[in-house]
Amino acid sequence: MAGNKQRKFTSSMQKKLVVLFFLVLLAFAYLIIRIANINRDNGEAYKKQVLAQQSYDSTTLPFKRGSIEDRNGTVLAYSEKVYNLIVDSKLLNVDDGIHVEPTLDILQKSFAELDISDVRNYVEKNPGASYKKYLKQLESNRIENYNAMIDEAISANSVRRDELRKEGRTEEADAIADPAKNGVWFEEEYKRKYPYNTLACDVLGFVQTGNEGQYGLEEYYNDTLNGINGRSYGYLNADGTLTRTVKEADDGYTLVTSLDTNIQSITEKHIKEFAEKNRNAYRTGPAADNIGVIIMNPNNGEVLAMAGYPVFDLNDPQDMEGVDLTQYAGLLSRSDLAEAVGVSVNEVSGNEIDLMELVTNESLSDNAIIKNAVWKNYCISDTYEPGSTMKPFTVAAAIDSASIRGDEVYVCNGALEIGEHTIHCHNRFGDGPLSVKQGIAKSCNVVLMDVAFAMGKQEWLRYNRNFGFGNYTGIDLAGESNGASNVFTEKMGQTDLAVASFGQGFNVSMIQMAAGFSALINGGRYYEPHLVTRVVNSEGAVVKEYEPKEIKQIISSDVSDEVRDDCNAVVMSEPEDCTGWTARPAGYTMGGKTGTAEKLPRAAKNYVISFMGYVPADDPEVLCYVVIDHPNHEDQSNSTRLATTLCKDIMTEVLPYLNIFPTVELTDEEREELSDAEAGFFIGSDAVSGNAISANAVSGNSVSENSISENEIYTPNVIQYDPGTGFPLDPNTGEILDPKTLLPIDENVKSDLEY
Amino acid sequence: MDTARRVRVRPVKKEKIQGQADRSLIFIVLFLVVFGLIMIYSASAYSAVRAGRKANYYLMSQLRATLLGLLAMAGISKVDYHVLKKFAWPAYFVSLVLIALVLTPLGMTINGARRWLNLGLSLQPAEVAKVGVIVFFSAYVCGNLKRVQHLRGIIKTIILAAVPALMVYSITDNLSSAIIIFAIVYIMLFIASPKSAPYIILAAVLVTIAMLIVYVIAHNIIPAELSYRLGRIKAWLDPEAYASNRGFQTLQALYSIGSGGVLGKGLGQSTQKLGFVPEAQNDMIFSIICEELGMFGALAVILLFIMLIYHLLMIATNAPDLFGSLLVTGVMTHFALQVVLNIAVVTNTLLNTGITLPFISYGGSSSVFLLTEIGIALSVSRSIRMG
């Protein structure tokens, strides 16, 4: 049985097998330690990595910030989704960089403007970098195109690989490299666009980064305009199916404002003309330190236009090139200004260098104070002494409080002695006996001081507060000032009351003045000045409607009528009897009040001139308030004409647009002047015609429907006038129309209607 | 013979019913098979649904193969294993023919790899070859015990082993199966041979060569671009640098293991199987076990395999004759190799070569023939004479 014995599993074999078993045990022990080590050393990192991989599937869907529209649906601000091209060098360089060239190849084909050798260079030199922005704000169709090309290349490669594998050329098949899908990605963002660039810049405000509005409506209504980000994520349902859930972003609400793009453009155009014409008119420098114009409906507080100077491009608010900054040089301290213009401080203190002479736009364009001054809205943020535009308020308060009857006659000797002070009238020789109405028409200080004294400070203060001075008007714009620190209180003395009667010694803001004056002439009802009339959601449904907000009745309707009558005399009297006749647009009746306020320090003899006007005189439909701070004029105290003519220029163009028809027969002179002015209406103006709109109007979305071409703006509002009567003509038939009813006038009746 | 005595003590009860198969082994195998089915369902449900199939697609397919395998196991365990001696050469040639058939239109490509035969059921010839080789070489070594003690005999035997191994490698492009086939024979020879030194030296030389290649690639002495497989060495050494491609599977498996912690996320709670670990029900299923059941679960699985291997060791050492011992030695070697190599790959201890975890990884052929091997071992265990 030797053979049989040999076929036994010998003990040496058994030993070997047992040794082998222990080797296997050793291997297992090692592997168990290895698993423990992985958990100990990398457990936390890998847990995070696993979670990170899961959330990779979850993406934020950014909301779209709401638009801002004017009263006719013209879009003034909107958000557009754009994409930034990001190169992730780290992901592009995986697998020894085999994916780089296929990816760059498709990038080159998709984005011709991309310098591909630059990208290649970057990817080669920075293999660890994962974020490099190459192209900014690309439109979505280009991204879709790129992604389609990538997918096409990957599927073509996969087909080719299968073919090669079938032929057994496995190595070749493996050598085919796909473009790296993750190596290039597109960052989504919304870009805020302002199709009219500079139009209404102070009112709208702007968005630079994120969705944070700065200034104006953008800031005030930031939360309304913003929506809620959506999210797209995957999860496993009960069947183990990966379900993708998209929670759409809630887009922000759109604001419909009372602004009228056309009126705003007209206003800005005339301000610009004024600023350019009067630059260096007397002294070297800008036309004025500040210019502000508010146009509003006095019967409901809606602001139709609000403009200042200079304007800036909302699409690039940081870019101050082309913005006239020199008017703000005075805001800087002497040393800051010296630094800005590049003169050493020592030089400044030693010599009397006129730094203002050295100031250029470039030297100021980086200064934060200057930028802030450009961005803020003069019409609501700045306060100043109003001057004589205050006089109708004083008279209204006196009559309404029954302190005077209104038919008193006061004697002006050119000055009034109050205590130690002698307060002069504008006409130092005095105008003799004047009625209250004449006192307003001629802007006599003595009459007004007498009226104020008749009323006393308590009544004056009560009405002053009622008209809203020292309080916020509540206008829906960011950055309003109330001027509370610069209004009179119970401590005011007799001299204070004297100067207060004609608008000196306390500060107001333009919007306070315009809102208060509206109440003065509309029957005494004070409306909160307002811009937004409607809030609309992204589907177009109205979310909130702002009805005109009547806050209070300040004066009685009779008093309002009387004061309006007084103010009408300011514009409608014979030129030698009034101060505002130059403000009247040809063909219209108008009332208003001029203002010439002496600025502090009084010795400097600098003035804020202004004009508050309304049309038509008896039933005001539109109010225009013009303020010019420190006009560039030889005789500032006699320069109210600058304000009245600016008002006239604007109103001459705005009134026909608003379908307010002229009711006064034109003189030959006026007719000539008007036809000259009409030649300048819109056409050829920088504000609306030309590149400004067409170049920026965006194609392919709702905005283009709303963007206006110059014809559209202009044609519906062309009014032809009958040269004989000054009455409007029917654009189709050429018939003369009744200016009030707009119905054709029978020839027989016509003679009766003639003035 | 400490170990041998212990075995003798334990199966005392077996004396009553002579010819009783090793019940513990059956229990361990059944436990692993059922556990495998559960894990396959957990790991594959998501990808099955993603691929447009029913969630239990992989489970049902594996269940059918398992039932078939259990039938084969039960059947073979009843048969006297000496019968297999007669089938030694046929087993060898059938294995070769089946491998060769992959080249014919009967061959089937799955996931880009041509490794299967379509015979109504899909069959992976490499798995058949593993059983075939074990049966053939047990009989061959038994019959040529004197010859395999000399160099010529050894070389001849090695050539006989190299033929199926090379065919598996070249025809089905399956290096790991080729290595396992060759290693099974090599270890059987080593066990059967009275000498140890030459085998140990040769193994040491092979390991040294492998380490040299790795060293050379790691230090860029030879560019890895020369061959795809050399490139994989780089990915093995630094999977994070190849995170999106060659290192992806390994790295994701490591993430799974690392995120499991001590007790794991709970059965079915893996997130890595949701499309991150590719073919989670396959080679990398051990990483899902680690993620869901933690280090505790992993340890339990490893202990089960250790018990399995220990039982095979006991049967091999107590088998009534050399043939039986060699058969079970082959089976034991096969199991030990696959389990150790699989876990080593999943933990990135070794290069990713694509080795499945016995009874747990998805794979019909593998399951059927592994159970067949257990059947052979059970048949041997039945003939152990007690007392």
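Bear in mind that the values in this text are calculations on the coordinates, not laboratory data. Keep in mind that what you see is a predicted model, and the values were worked out from it rather than measured. Using ideal geometry, Cβ is built from the backbone for each residue, glycine included, and neighbour counts are taken over all protein chains shown.
Observations
- Here A:Met306, A:Met651, A:Met320, B:Met108 are placed in order of increasing Cβ neighbour count within 10 Å, fewest first, which gives B:Met108, A:Met320, A:Met651, A:Met306.
- Multiplying the residue separation of A:Arg142 and A:Leu51 by 0.36 nm and removing their Cα-Cα distance gives an extension gain of 29.5 nm.
- Here's how it looks for A:Ile551: its modeled amide H is under 5 Å from those of A:Tyr526, A:Tyr527, A:Glu528, which are all 5 or more places away or on a different chain.
- The residue among B:Tyr255, B:Leu371, A:Phe661 whose Cα reaches farthest toward the positive pole of the charge dipole of the protein assembly as shown, with charges on the beta-carbon of Lys, Arg, Asp and Glu, is B:Leu371.
- A:Asn537 paired with B:Ala55, simple spin-label distance in nm, labels 7 Å along Cα-to-beta-carbon: 3.6
- Angle of helix A:11-55 to the longest C-alpha principal axis of chain A, folded into 0 to 90 degrees and rounded to 10: 10°.
- Among the listed pairs A:Lys47/A:Lys166; A:Lys81/A:Lys371; A:Lys277/A:Lys457; A:Lys64/B:Lys273; A:Lys193/A:Lys269, those beyond 32 Å (Cα-Cα): A:Lys47/A:Lys166; A:Lys277/A:Lys457; A:Lys64/B:Lys273
- For A:Thr667 and A:Ile551, the FRET efficiency from 1/(1 + (r/R0)^6), where r spans their Cβ atoms and R0 equals 35 Å, is about 0.25.
- The protein assembly as shown, dipole about Cα centre (Lys/Arg Cβ +1, Asp/Glu Cβ -1), debye to the nearest 20: 15660
- Where only C-alpha atoms are counted, convex hull volume of the stretch A:565-685 per residue in Å³: 122
- Radius of gyration, Dmax [the stretch A:117-256; alpha carbons; angstrom]: 22.9, 72
- Which of B:Val148, A:Ser443, B:Leu274, positive extreme of dipole for the protein assembly as shown (C-beta unit charges): B:Val148
- Under the criterion of Cα pairs below 8 Å and six or more residues apart, the relative contact order for chain A equals 12 percent.
- Simple spin-label estimate for B:Glu240 and A:Asp336 gives 5.1 nm between the two label positions (7 Å along the Cα-to-Cβ direction from each Cα).
- Within the straight-line cut-off of under 13 Å between alpha carbons, the aspartates and glutamates reachable from A:Lys593 are A:Asp565, A:Asp566, sequence neighbours fewer than 8 places apart in one chain being disregarded.
- Cα-only Debye scattering, the stretch B:11-382: base-10 log of I(q)/I(0) at q = 0.10 Å⁻¹: -0.66
- Under the Karplus curve 6.51 cos²θ - 1.76 cosθ + 1.60, θ = phi - 60°, whole-Hz ³J(HN,Hα) for the stretch A:105-112, x wherever Gly or Pro sits: 4, 6, 4, 4, 5, 7, 10, 5
- Straight-distance candidates among the aspartates and glutamates for linking to A:Lys16, with alpha-carbon spacing under 20 Å and chain neighbours fewer than 8 residues away dropped: B:Asp2, B:Asp321.
- Listed residues A:Gln264, A:Ile399, A:Val246: farthest to the positive end of the dipole of chain A (Cβ charges): A:Val246
- Karplus 3J(HN,Hα) series, Hz, for the stretch A:652-668 with 6.51 cos²θ - 1.76 cosθ + 1.60 (x for Gly, Pro): 4, 8, 6, 4, x, 4, 7, 6, 9, 9, x, 10, 10, 5, 7, 7, 4
- Here's how it looks for A:Glu69: its modeled amide H is under 5 Å from those of A:Leu76, A:Leu255, A:Val256, A:Thr257, which are all 5 or more places away or on a different chain.
- FRET efficiency, 1/(1 + (r/R0)^6) with R0 60 Å, evaluated for A:Ile154 and A:Ser675 via beta carbons: 0.30
- Radius ratio Rg over Rh of the protein assembly as shown, counting only Cα atoms, Kirkwood formula for Rh: 1.27
- Loop-located trypsin sites (Lys or Arg not before Pro) across the stretch A:240-333 with a Cβ neighbour count of 13 or fewer within 10 Å are A:Arg283, with loop assigned by DSSP.
- Diffusion coefficient, µm² s⁻¹, Stokes-Einstein with Kirkwood Rh over alpha-carbon pairs of the stretch A:246-351 at 10 °C and 1.306 mPa s: 91
- Within the stretch B:143-234, trypsin sites (Lys or Arg not before Pro) in DSSP loop having at most 16 other beta-carbon neighbours inside 10 Å: B:Lys146, B:Lys195
- Amide H contacts of A:Val622 (H built 1.01 Å from N, under 5 Å, at least 5 apart or other chain): A:Val615
- Hz values of 3J(HN,Hα) by residue in the stretch B:198-204 - Karplus curve (6.51, -1.76, 1.60), Gly and Pro given as x: x, 5, 5, 4, 4, 4, 4
- With Cα atoms, 0 to 90° folded angle of helix A:510-521 axis to chain A main axis: 50
- With Cα atoms, 0 to 90° folded angle of helix A:116-125 axis to chain A main axis: 60
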